[in-house]
Amino acid sequence: MDAYLQILRQTTGLEWISEYRFHPPRRWRFDYACLELKIAIEVNGGNFVGGRHSNPVALGKEYEKMSQAAADGWAVLICTPMSRGLEVMRFGGDAFTRILAEAITNRKQLYHGK
């Protein structure tokens, strides 16, 4: 099991899966997904080295993917990898953890009335 998946399961107490295909016709996948609450996490690396998430054409496709996910009812959190020194929205960092906790609380209220 990868470290991100293990951290998500341990810190949230929820079941998460990796590489979840949320839109089969387009073969779009989320890096991590909690099906129970329809929360997804996308870890966007390569931003600082000319990777996919810094290419204008690829970004346009990513916007389409995220927009479709929203239309399908998913809450998608986007973050940077744990290995980056950038603290803003780093996986496991304070902002990421706070926003994930808020998303879980809001989704539990939405789906379970809790």
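The values are calculated or read from the model by the stated rules, or taken from the named source; none is laboratory data. Keep in mind the model is a prediction, meaning the values are calculated, not measured. Cβ sites come from the backbone with ideal geometry, for glycine too, and all protein chains shown count toward neighbours.
Structural remarks
- Selection of the stretch 63-82 for residues being part of a helix (DSSP H, G or I) and among the hydroxyl-bearing types (Ser, Thr, Tyr) yields 63, 67.
- Annotation note: Cβ proximity below 7 Å between a residue of the stretch 51-77 that is closer than 20 Å to residue 32 by Cβ and modelled with pLDDT of 90 or more and a residue that is among the small types (Gly, Ala, Ser) and surrounded by 14 or more Cβ atoms within 10 Å (Cβ to Cβ) (sequence gap 6+ or interchain) occurs for 69/40; 74/40; 75/103; 76/40; 76/69; 77/103.
- Positions within the stretch 1-17 being surrounded by 12 or more Cβ atoms within 10 Å (Cβ to Cβ), farther than 17 Å from residue 38 by Cβ and touching a residue at least 40 places away in the same chain (Cβ under 8 Å), in sequence order: 4, 7, 11
- For the stretch 18-46, a residue qualifies if it is in contact (Cβ under 8 Å) with a residue 40 or more places away in the chain and acidic (Asp, Glu), and exactly one does: 36.
- Tally, over the stretch 88-114, of residues that are over 15 Å from the mean Cα position of the chain (by Cα), assigned to a helix (DSSP H, G or I) and not aromatic (Phe, Trp, Tyr): 7
- Residue that is farthest from residue 39 (Cα to Cα) [pool: residues in the stretch 78-114 that are modelled with pLDDT under 90 and of a type in the set (Val, Ile, Thr)]: 88
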